[in-house]
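Participant: Would you mind keeping the following structure in view while I ask a few things?
The values are calculated or read from the model by the stated rules, or taken from the named source; none is laboratory data. In this text the structure is predicted, and so the values were computed from the model without any measurement. FYI the Cβ positions are ideal-geometry reconstructions off the backbone, even for glycines, and counts take in every protein chain you see.
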Protein chains: 2
Amino acid sequence: MPKYKLTYFNARARGELARMLFVAADKPFEDKRVEFPDWPKLKEGTPQGSLPVLEVDGKIEMCQSFAIARYLAREFKLSGKDNHENAIIDQIIDTLLDMFDPFVNIAFNPNEEEKAKKMEEFYKSTAPTKLGQLENLVKKTGKGGYAVGSVLSLGDLALYVYIENCGLADKLEKFKLLAANRKKVEEIPRVAKYLKSRPVTSF
Amino acid sequence: MPKYKLTYFNARARGELARMLFVAADKPFEDKRVEFPDWPKLKEGTPQGSLPVLEVDGKIEMCQSFAIARYLAREFKLSGKDNHENAIIDQIIDTLLDMFDPFVNIAFNPNEEEKAKKMEEFYKSTAPTKLGQLENLVKKTGKGGYAVGSVLSLGDLALYVYIENCGLADKLEKFKLLAANRKKVEEIPRVAKYLKSRPVTSF
């Protein structure tokens, strides 16, 4: 089996999906967490001056969080069973990013007053709209709590991580399928164990 | 063969990659171009209030421009030949979006003075950085002018469309592999014919 090393900050954010893929697929990996003061000197050695970076057998293989996630999903048989299912997974990912990208922009706004106003708007308008669209995507083929088809896939794990990243994990009352999906992921014993033992970080 | 209909605005932007996939793969499709005044009444019938939308055999199949592109690439055998090549294609797409997303934000800035300043900064700093990263990705496995491996793929077409979308098609002097790749795509007879006959739009 290849030796995997994932380098990311000591945060969930754009690194957690790869970690969850390793955990769900039961593949060992080195979870290298860089502290922010150490980042500047590491930055230059990365392909695009960004994290996460995935190394395989000691060699830098790739950057870009979703390229890494897609690679691992294909490697670990966590893609969809056909092109139709993969298209639903891709739509889930793109819709999650349409929600996460504005969330991040707001979260990094240095103007506290504007930030508070825009964050309120995010939770009142953007988030429910996007969650509704995600619920519709899960409705297409998801069965038994799964997001796409009736087995675990990249779709479930992407939903799990990015809904949490946007601070929406406990705001799914109106989105029954998303709430059931979240529970399904948390019930996987390896995942449950990981979620209890992972470092607690603020984002 | 399925009957494809792609609905998008009369613009390149986020619709052109799907069109180029149809053309390069020599698959007929209905190229439905919505004029902006007609959009509000069509919007409600789309899955996410957005275009492009892909219909297959008269049924709405999906939205999200890159989910559509990935679906068509898999359908038309324009993906990479293995997981490693697909990871390079995914990194090319994510890097193109890291360039296109800020470009769009600047292009839609209503403050003309700020827009001019930020656009200058985009062409001076963001664009060359991103083009350098894309050149490095092409360097990995691209042969004979192709972006990934030695056959045409989604990677070539994504580069072609999004470099043009960012107004960079004639600014590739320092990026020999990207320039050669652009030429390679333009030399495909079907593509050359399409490029000459497509509607001329400002973006």
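Participant: Could you tell me whether residue A:136 is among the polar types (S, T, N, Q) and surrounded by fewer than 16 Cβ atoms within 10 Å (Cβ to Cβ)?
Facilitator: yes
Participant: Being basic (Lys, Arg) and under 26 Å from residue B:105 (Cβ atoms) is the filter here, so list the residues in region B:144-197 that pass it.
Facilitator: B:171, B:174, B:182
Participant: Which one of these is in a loop (DSSP other than H, G, I, E, B) and either within 16 Å of the chain's Cα centre (by Cα) or assigned by TED's automatic domain parsing to the domain that holds residue B:66 (or both): B:168, B:178?
Facilitator: B:168
Participant: Moving on. Can you pull out the residues in region B:52-63 that are more than 8 Å from every other protein chain (Cβ to nearest Cβ) and either over 17 Å from the mean Cα position of the chain (by Cα) or closer than 16 Å to residue A:61 by Cα (or both)?
Facilitator: Across region B:52-63, the qualifying residues are B:55, B:56, B:57, B:58, B:59, B:60.
Participant: Next question, about the same structure. Do we have residue A:87 as in contact with an Asp or Glu (Cβ under 8 Å, 6 or more places away or on another chain), at pLDDT 95 or above and in the same structural domain as residue A:177 (by TED's automatic domain parsing) here?
Facilitator: Yes, satisfied.
Participant: Any residue that is more than 18 Å from the chain's Cα centre (by Cα) and of a type in the set (D, E, K, R) - is there at least one of those in region B:64-82?
Facilitator: Yes, region B:64-82 contains a residue that is more than 18 Å from the chain's Cα centre (by Cα) and of a type in the set (D, E, K, R).
Participant: If a residue has to be part of a strand (DSSP E or B), crowded, with 19+ Cβ neighbours inside 10 Å and touching an Asp or Glu at 6+ places or on another chain (Cβ under 9 Å) to count, how many in region B:11-60 make the cut?
Facilitator: 2
Participant: Looking at region B:71-93 only, could you name the residues that are surrounded by 24 or more Cβ atoms within 10 Å (Cβ to Cβ) and without any contact (Cβ under 8 Å) to a residue 24 or more places away in the chain?
Facilitator: Result: B:71, B:87, B:90.
Participant: Pick from region B:106-133 the residues that are under 19 Å from residue B:177 (Cα atoms) and among the polar types (S, T, N, Q): which of them is surrounded by the fewest Cβ atoms within 10 Å (Cβ to Cβ)?
Facilitator: So, considering only residues that are under 19 Å from residue B:177 (Cα atoms) and among the polar types (S, T, N, Q), the one surrounded by the fewest Cβ atoms within 10 Å (Cβ to Cβ) is B:129.
Participant: Please go through (1) touching a residue at least 40 places away in the same chain (Cβ under 8 Å); (2) more than 14 Å from chain B (Cβ to nearest Cβ); (3) more than 16 Å from residue A:161 (Cβ to Cβ); (4) assigned to a strand (DSSP E or B) for residue A:8 and return the number of the only condition it doesn't satisfy.
Facilitator: Going through (1) touching a residue at least 40 places away in the same chain (Cβ under 8 Å); (2) more than 14 Å from chain B (Cβ to nearest Cβ); (3) more than 16 Å from residue A:161 (Cβ to Cβ); (4) assigned to a strand (DSSP E or B) one by one, residue A:8 breaks only (3).
Participant: So, one more: Could you tell me whether any residue of region A:99-106 is within 22 Å of residue B:87 (Cβ to Cβ), more than 11 Å from chain B (Cβ to nearest Cβ) and not in a helix (DSSP H, G or I)?
Facilitator: No, every residue in region A:99-106 fails to be within 22 Å of residue B:87 (Cβ to Cβ), more than 11 Å from chain B (Cβ to nearest Cβ) and not in a helix (DSSP H, G or I).
Participant: Any residue in region B:46-65 that is touching a residue at least 60 places away in the same chain (Cβ under 8 Å) sitting within a Cβ distance under 7 Å of a residue that is buried (at least 22 other Cβ atoms within 10 Å of the Cβ) and of a type in the set (Lys, Arg)? List the pairs, counting only those 6 or more apart or interchain.
Facilitator: none
Participant: Oh, and also: Quick test for you: out of B:76, B:66, pick the one residue that is in contact with a helix residue (DSSP H, G or I) (Cβ under 9 Å, 6 or more places away or on another chain) and either of a type in the set (D, E, K, R) or at the interface with chain A (Cβ under 7 Å from one of its Cβ atoms) (or both).
Facilitator: B:66
Participant: Return a yes/no flag: does region B:124-142 have any residue that is more than 18 Å from the chain's Cα centre (by Cα), away from chain A (no Cβ under 14 Å) and of a type in the set (Gly, Ala, Ser).
Facilitator: The answer is yes, given that some residue of region B:124-142 is more than 18 Å from the chain's Cα centre (by Cα), away from chain A (no Cβ under 14 Å) and of a type in the set (Gly, Ala, Ser).
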